[in-house]
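Comments concern the structure below.
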Amino acid sequence: MNVMSPGTALDMARTELLDAAGITDRDLEHALGLLMRGDVDNADLYFQIARQESWSIEDGIVKGGAYSIEQGVGVRAMAGEKTGFAYSDEIVVPALNQAAEAASAIVRRGQQGRVKAWQARAGHRLYLPADPLLSLADEEKVALLQRVDREVRALDPRVKQVVASLAAAHEVIFICASDGGLAADVRPLVRFNISVIVEQNGRREQGVAGGGGRHGYEKLDHERALEFGREAVRQAVVNLDAVSAPAGEMVVVLGPGWPGVLLHEAIGHGLEGDFNRKGTSAFSGRIGEKVAAELCTVVDDGTLEGRRGSLNVDDEGTPTSKTVLIESGRLRGYMQDRLNARLMGTESTGNGRRQSFAHLPMPRMTNTYMLPGPHHPGEIIESVKRGIYACNFGGGQVDITSGKFVFSTSEAYLIENGKLGVPIRDATLVGDGATVLSRVSMVGNDLKLDSGVGVCGKEGQSVPVGVGQPTLRVDGLTVGGTGGEA
Amino acid sequence: MSGPQKTPAVLSVAGGFDPLAEKVSDVLRLARELGASQAEASASFGTGFSVNVRMREVETLQHQRDQGLGITVWFGNRKGSTSTSDLRPAAIEESVRKACTLARFGSEDAYAGLADASRMPTKVPDLDLYHPWDITPVAAIELATACEAAALDSDPRVSNSEGAALSVSEGLHVYGNSHGFIGGYPESNHSLSCAVVASADGLMETDYEYAVVRDPGDLPAAAIVGAEAGRRAAARLGGVKLETRAAPVLFPARVARGLIGSLLSAISGGALYRKASFLVDSLDTQVFASCMTIDERPHLHKALASAPFDAEGVATAERRLVEAGVLRGYMLSSYYARKLGMASTGNAGGAHNLVVQTTGESFAELVAKMDRGLVIADLMGSGINPVTGDYSRGASGFWVEHGKIQYPVTEITVAGNLKDMYRGVVGIGTDVDHRGAVLTGSILIDRMTIAGS
């Protein structure tokens, strides 16, 4: 594994977050000491500075750029299942100590604790620490949006409206924990999004596309942006001819890539450690059980280079890993942060993530996908007498406890006698996470990861994620539409 | 401790308007000095804490303290925006400078700029939104514990819990712009919520109940909130799938709000201008059945979405949005209003208390009126196409026969088109849910497609 010397990121983070505020190692020890009182068994400090920018074009007009800077420190004290948490958006010693006092109020007062000797933790080197905001001149960002807007409008006379945006974030984090662990990460993230409206005979449809990852704008050049523009137009035009989706239970073939949002919703969330520790997930206590067809192996992998969901270390300083969730149909493991791992007697899998310093970490997915299988995608479509082929989705949602999930197609087709038929619009697929994978009867050899636009929300916190899968045949999902019985 | 320490200037909500207003004034002055033709700034500060209790034990105690400053400057028709959470003078100055730099790169946009000066409030009315709660974490933990206990004890099938939470917060918000308007007001928000798991036959269902208020005196008893969470979770056990069919659908008040939310998105200036709405050119046309009348009432005392002025400083005012089914207005900020050749409706930043008039029937009367159909418990997924109005969402709920709830149903979808659904409203309940920007009772729709097995 390509491991980054702990020095690089740590040095950068120290300079930006600590030295700038005059915070020394002794100050860190002191604050952690304030936290480690009474029966507190673990504590950590999370320093963060995040700079973000966005540029957008609508109606051919580039809105002036928007820029934001957010910084602060979150402090946490844990005692068994109890957590005390406070944060300050001023990184200064008095505010740090005040937050530490507040966070430690969760437990009985006791002797001030001691912190173990500092020990730097190494992380991966999945992306470079360069600031993506500086990877392209502002004039060039504006010019890119203008050019893509012009070219996309010229693609098809039916294109009536184009909205496109370019966004970048540069995040520097520094974590120190009561066990002496020191870790840091410098995270770039860029994204391009485009949505178009097409109109034909009074009917309007929308198409959206986009992508990005943990790198600078150099990998999001004009060619790539225009490709997303073409994709948005193609999707919108397909939907101009779409008919109402049928309703009822049908065979559903899921396309490769972004449809992996199914795995994220139906399976992924149910395998996050917190739900399983509390016993509120439909997958609780089922390790080793058969929960999917033998063809299915699902992993969560935070170690993919440059991917949107990847992290060198998670937000608790643990290096991310590739965690096998389901192996040949059997439930293998959960995704863990430190708190839940400790309470369940296991190790963190590097899935402890938080939206910002102002939020508590919890087990979250990184890049979640199914490994490829033996079938040719064409052969999967041909195997279906009557069903639907869903190759793009708007989004989804899951009820962890009952296991029920829902997601909505943005591009789908009827399959009749093994051939793709007419496009259908806005079908909703509903199913049960604990059984859907047992109905997978074919798995394609065409694993694809999404283009890098996923945002996952949990308990009010948003984090960037990746999803992916090969083409899959599911024998029976409920399809919700208005076009009569299936 | 030795001698006086130099600590950063401490903001507080009780400390009042002036320290934040000063920061806003600093921004406006600096923007002018840097050559901006117009500028606006919005500063906020908030504090609070929340406790979570799970299985009768404290799980988390979280303290919040947030501050932020948003800045927009215009150089003629070009705009730049920045925001910062660091409110120290040097950081503020850097943010203003950065906004000015960014403004150089925008296109000339004839519609850009502040809202019209004539729309600024002459005085900021007190809407009674600030009721700080001086409750200790220990007392908060007791309340949350009592709430969860009521849920756990409500039904033997309630077997597990996701916990109960009490959250207490207060904040101060100040907005000012280069027209010379500067105004602000304090607000408070307190909430109590509980989510539990019921199980039977190896299957689990979860549901929740919550209360959110401006004034702690208006909070319902913890035991009532908890018991309702327990009742809801247990009621969902044993859900069956329905066969695919068409039937009337009753959206209880807590989910009916979403139907009106879709209206608000569809009549927002941006969606209309982009023609990304199924309600383009629908002003003064029959959008709903004639039983639907909706008023916007921004000055309701203590209401959650009350505000004396919007995000651009435009004074808010009462208005009729939908009159006997006819759409009488849009939701416009000044930018999109100008693009559409109209005037701002004071909705930069959202809606301010949309009050849906009832048709006078209670929830039970609506169930009886429906006779045979679906009562929704929960909706899932994002299956609403804003451009076409196509609506298809995952649902669970209860099947009704002979005007009475018979059994729970699950893993189904309800589908239709919002245009038809709006025209198909046949009743609006008296059971108004006050917990959001839309105040509506349950809404009965004559016919939708229900997909199941």
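The values are calculated or read from the model by the stated rules, or taken from the named source; none is laboratory data. Since we're looking at a predicted model, the values are computed, not measured. Heads up, the Cβs are rebuilt from the backbone with ideal geometry, glycines too, and the neighbour counts pull from every protein chain shown.
Would it be correct to say that A:Val196 is part of a strand (DSSP E or B), on the phi < 0 side of the Ramachandran plot and free of Cβ contacts under 8 Å to residues at least 60 places away in the same chain? Quick ask: steps written out before the conclusion?
Values: part of a strand (DSSP E or B): yes; on the phi < 0 side of the Ramachandran plot: yes; free of Cβ contacts under 8 Å to residues at least 60 places away in the same chain: yes.
Criteria met by A:Val196.
Considering only residues that are closer than 18 Å to B:Val24 by Cβ and more than 11 Å from chain A (Cβ to nearest Cβ), look in the range B:76-91 and name the one that is surrounded by the most Cβ atoms within 10 Å (Cβ to Cβ).
Once the filter is applied, the top-ranked residue is B:Pro89.
Would you be able to tell me the number of residues in the range B:148-172 that are among the hydrophobic types (A, V, I, L, M, F, W, C) and closer than 30 Å to B:Ile182 by Cα? Give the steps one after another, and end with the answer.
Taking the range B:148-172 first, the residues among the hydrophobic types (A, V, I, L, M, F, W, C) are B:149-152, B:158, B:164-166, B:168, B:172.
Add one more test, that the residue is closer than 30 Å to B:Ile182 by Cα, and what stays is B:168, B:172.
Result for the range B:148-172: 2.
Going residue by residue through the range B:246-261, is there one that turns out to be surrounded by fewer than 24 Cβ atoms within 10 Å (Cβ to Cβ), over 29 Å from B:Lys369 (Cα atoms), away from every other protein chain (no Cβ under 13 Å) and not charged (D, E, K, R)?
no
Which number in (1) at pLDDT below 95; (2) among the small types (Gly, Ala, Ser); (3) not in a helix (DSSP H, G or I) marks the one condition that A:Ala266 misses?
(3)
Within 27 Å of the chain's Cα centre (by Cα), surrounded by fewer than 20 Cβ atoms within 10 Å (Cβ to Cβ) and within 11 Å of chain A (Cβ to nearest Cβ), is that true of B:Gly163? So that I can check it myself, show each step before the final result.
On the way: within 27 Å of the chain's Cα centre (by Cα): yes; surrounded by fewer than 20 Cβ atoms within 10 Å (Cβ to Cβ): no; within 11 Å of chain A (Cβ to nearest Cβ): yes.
Spelling it out, it is not the case that B:Gly163 is within 27 Å of the chain's Cα centre (by Cα), surrounded by fewer than 20 Cβ atoms within 10 Å (Cβ to Cβ) and within 11 Å of chain A (Cβ to nearest Cβ).
Go through the range B:22-132 and tell me which strands (runs of 3 or more DSSP E), entirely inside it, have 1 or more residues that are under 30 Å from A:Arg277 (Cβ atoms). Walk me through how you get there before you give the answer.
Values: elements: B:38-54, B:57-75, B:78-84.
Result: B:38-54, B:57-75.
Just to be sure before I move on: is B:Ala112 within 28 Å of B:Leu340 (Cα to Cα), out of contact with any helix residue (DSSP H, G or I) (no Cβ under 6 Å at 6 or more places or on another chain), more than 8 Å from chain A (Cβ to nearest Cβ) and not acidic (Asp, Glu) in the structure I sent? So that I can check it myself, show each step before the final result.
On the way: within 28 Å of B:Leu340 (Cα to Cα): yes; out of contact with any helix residue (DSSP H, G or I) (no Cβ under 6 Å at 6 or more places or on another chain): yes; more than 8 Å from chain A (Cβ to nearest Cβ): yes; not acidic (Asp, Glu): yes.
Yes.
Looking at the range B:227-240, can you tell me whether even one residue there is in contact with a helix residue (DSSP H, G or I) (Cβ under 9 Å, 6 or more places away or on another chain), farther than 22 Å from B:Glu205 by Cα and in contact (Cβ under 8 Å) with a residue 24 or more places away in the chain?
Taking the range B:227-240 and keeping what is in contact with a helix residue (DSSP H, G or I) (Cβ under 9 Å, 6 or more places away or on another chain), we get B:227-231, B:233.
From the residues that got through so far, the ones that are farther than 22 Å from B:Glu205 by Cα too are none.
The answer is no; no qualifying residue exists.
Within the group B:Asp134, B:Asp116, which residue is surrounded by fewer than 20 Cβ atoms within 10 Å (Cβ to Cβ) and farther than 30 Å from B:Val27 by Cα?
The match here is B:Asp134.
State whether the residues of the range B:404-418 include one that is surrounded by fewer than 18 Cβ atoms within 10 Å (Cβ to Cβ) and either within 14 Å of chain A (Cβ to nearest Cβ) or in contact (Cβ under 8 Å) with a residue 60 or more places away in the chain (or both). Walk me through it before giving the result.
Our first condition is that a residue be surrounded by fewer than 18 Cβ atoms within 10 Å (Cβ to Cβ); within the range B:404-418, this holds for B:404-407.
Keeping just the survivors that are either within 14 Å of chain A (Cβ to nearest Cβ) or in contact (Cβ under 8 Å) with a residue 60 or more places away in the chain (or both) gives B:407.
Checking the range B:404-418: at least one residue is surrounded by fewer than 18 Cβ atoms within 10 Å (Cβ to Cβ) and either within 14 Å of chain A (Cβ to nearest Cβ) or in contact (Cβ under 8 Å) with a residue 60 or more places away in the chain (or both).
Being touching a strand residue (DSSP E or B) at 6+ places or on another chain (Cβ under 9 Å), assigned to a strand (DSSP E or B), small (Gly, Ala, Ser) and without any contact (Cβ under 8 Å) to a residue 40 or more places away in the chain: is that true of B:Ser392 here?
Details: touching a strand residue (DSSP E or B) at 6+ places or on another chain (Cβ under 9 Å): yes; assigned to a strand (DSSP E or B): yes; small (Gly, Ala, Ser): yes; without any contact (Cβ under 8 Å) to a residue 40 or more places away in the chain: yes.
Judged against the criteria, B:Ser392 is a match.
Consider A:Gln146 carefully, then state whether it is polar (S, T, N, Q), modelled with pLDDT of 95 or more and over 27 Å from the mean Cα position of the chain (by Cα).
Working: polar (S, T, N, Q): yes; modelled with pLDDT of 95 or more: yes; over 27 Å from the mean Cα position of the chain (by Cα): yes.
So A:Gln146 passes the test.
Among the residues of the range A:72-83, which ones are in contact (Cβ under 8 Å) with a residue 40 or more places away in the chain and within 7 Å of chain B (Cβ to nearest Cβ)?
To start, the set of residues in the range A:72-83 that are in contact (Cβ under 8 Å) with a residue 40 or more places away in the chain comprises A:72-81, A:83.
Correct list: A:Gly72, A:Glu81, A:Thr83.
Considering each of B:Val387, B:Val367, B:Val400 in turn, give the residue that is outside any strand (DSSP E or B), in contact (Cβ under 8 Å) with a residue 12 or more places away in the chain and more than 13 Å from chain A (Cβ to nearest Cβ).
Working: B:Val387 fails: more than 13 Å from chain A (Cβ to nearest Cβ); B:Val400 fails: outside any strand (DSSP E or B).
None of the other options fit; the residue is B:Val367.
Which pairs turn up if I take residues in the range B:261-287 that are free of Cβ contacts under 8 Å to residues at least 40 places away in the same chain and look for partners that are surrounded by 23 or more Cβ atoms within 10 Å (Cβ to Cβ) and in a helix (DSSP H, G or I) with beta carbon separation below 9 Å, at least 6 apart in sequence or on another chain?
B:Val280/B:Ala266; B:Val280/B:Leu272; B:Asp281/B:Leu272
Restricting attention to the range A:152-173, does a residue exist that is surrounded by fewer than 22 Cβ atoms within 10 Å (Cβ to Cβ), in contact with a helix residue (DSSP H, G or I) (Cβ under 6 Å, 6 or more places away or on another chain) and in a helix (DSSP H, G or I)?
Yes; the residues of the range A:152-173 include at least one that is surrounded by fewer than 22 Cβ atoms within 10 Å (Cβ to Cβ), in contact with a helix residue (DSSP H, G or I) (Cβ under 6 Å, 6 or more places away or on another chain) and in a helix (DSSP H, G or I).
Determine whether A:Leu136 is assigned to a loop (DSSP other than H, G, I, E, B) and within 14 Å of chain B (Cβ to nearest Cβ). Lay out the reasoning, then the answer.
On the way: assigned to a loop (DSSP other than H, G, I, E, B): yes; within 14 Å of chain B (Cβ to nearest Cβ): yes.
Taking the combined requirement at face value, the residue satisfies it.
What's the number of the only condition in (1) surrounded by fewer than 23 Cβ atoms within 10 Å (Cβ to Cβ); (2) within 14 Å of chain B (Cβ to nearest Cβ); (3) in contact with a helix residue (DSSP H, G or I) (Cβ under 6 Å, 6 or more places away or on another chain) that A:Glu347 fails to meet?
(2)
Let me confirm something: among A:Arg425, A:Arg439, which residue is in contact (Cβ under 8 Å) with a residue 40 or more places away in the chain, basic (Lys, Arg) and within 11 Å of chain B (Cβ to nearest Cβ)?
Only one candidate passes the filter, namely A:Arg425.
Within the range B:34-91, track down each residue that is of a type in the set (D, E, K, R), more than 30 Å from A:Thr280 (Cα to Cα) and in contact (Cβ under 8 Å) with a residue 40 or more places away in the chain. So that I can check it myself, show each step before the final result.
Step one: list which residues in the range B:34-91 are of a type in the set (D, E, K, R), which gives B:40, B:54, B:56-57, B:59, B:65-66, B:78-79, B:86, B:88.
Filter once more, so that each one left must be more than 30 Å from A:Thr280 (Cα to Cα): B:40, B:65-66, B:78-79, B:86, B:88.
Across the range B:34-91, the qualifying residues are B:Glu40, B:Asp66, B:Arg88.
Are there any pairs, at least 6 apart or on different chains, whose C-beta atoms fall under 6 Å, with the first in the range B:427-453 and small (Gly, Ala, Ser) and buried (at least 18 other Cβ atoms within 10 Å of the Cβ) and the second in a loop (DSSP other than H, G, I, E, B) and at pLDDT below 95, and if so, which?
B:Ala451/B:Thr244; B:Gly452/B:Lys241; B:Gly452/B:Leu242; B:Gly452/B:Glu243; B:Gly452/B:Thr244
Quick one: in the range B:155-183, which of the residues that are in a strand (DSSP E or B) and among the hydroxyl-bearing types (Ser, Thr, Tyr) is nearest to A:Lys278 (Cα to Cα)?
Narrowing the range B:155-183 to residues in a strand (DSSP E or B): B:158-177, B:182-183.
The next check asks that each one be among the hydroxyl-bearing types (Ser, Thr, Tyr); those that pass are B:159, B:161, B:167, B:169, B:175.
On the way: B:Ser159: 11, B:Ser161: 8, B:Ser167: 22, B:Ser169: 28, B:Tyr175: 44 Å.
Ranking the qualifying residues of the range B:155-183, first place goes to B:Ser161.
Taking the condition in a strand (DSSP E or B) and outside the structural domain of B:Glu411 (by TED's automatic domain parsing), does B:Pro186 pass?
yes
Quick one: A:Val436 ticks every box in (1) buried (at least 22 other Cβ atoms within 10 Å of the Cβ); (2) in a strand (DSSP E or B) except a single one, so which number is it?
Checking A:Val436 against (1) buried (at least 22 other Cβ atoms within 10 Å of the Cβ); (2) in a strand (DSSP E or B), the one that fails is (2).
Within the range A:245-260, can you find the residues that are in a loop (DSSP other than H, G, I, E, B), within 14 Å of chain B (Cβ to nearest Cβ) and surrounded by fewer than 24 Cβ atoms within 10 Å (Cβ to Cβ)? Even if it seems obvious, please write down each step before you answer.
So in the range A:245-260, the residues in a loop (DSSP other than H, G, I, E, B) come out as A:245-246, A:255-257.
If we keep only those that are within 14 Å of chain B (Cβ to nearest Cβ) as well, we get A:245-246.
The answer is A:Pro246, and nothing else.
So, in the range B:269-286, of the ones that are farther than 13 Å from B:Leu327 by Cα and small (Gly, Ala, Ser), which residue ends up farthest from the other protein chains (Cβ to nearest Cβ)?
For the range B:269-286, the residue satisfying everything is B:Gly269.
Are any residues in the range A:444-473 under 22 Å from A:Glu249 (Cβ atoms) and within 14 Å of chain B (Cβ to nearest Cβ), and if so, which ones? Talk me through it step by step, then tell me what you get.
Going through the range A:444-473, the residues under 22 Å from A:Glu249 (Cβ atoms) turn out to be A:469, A:471-473.
Within the range A:444-473, no residue meets the criteria.
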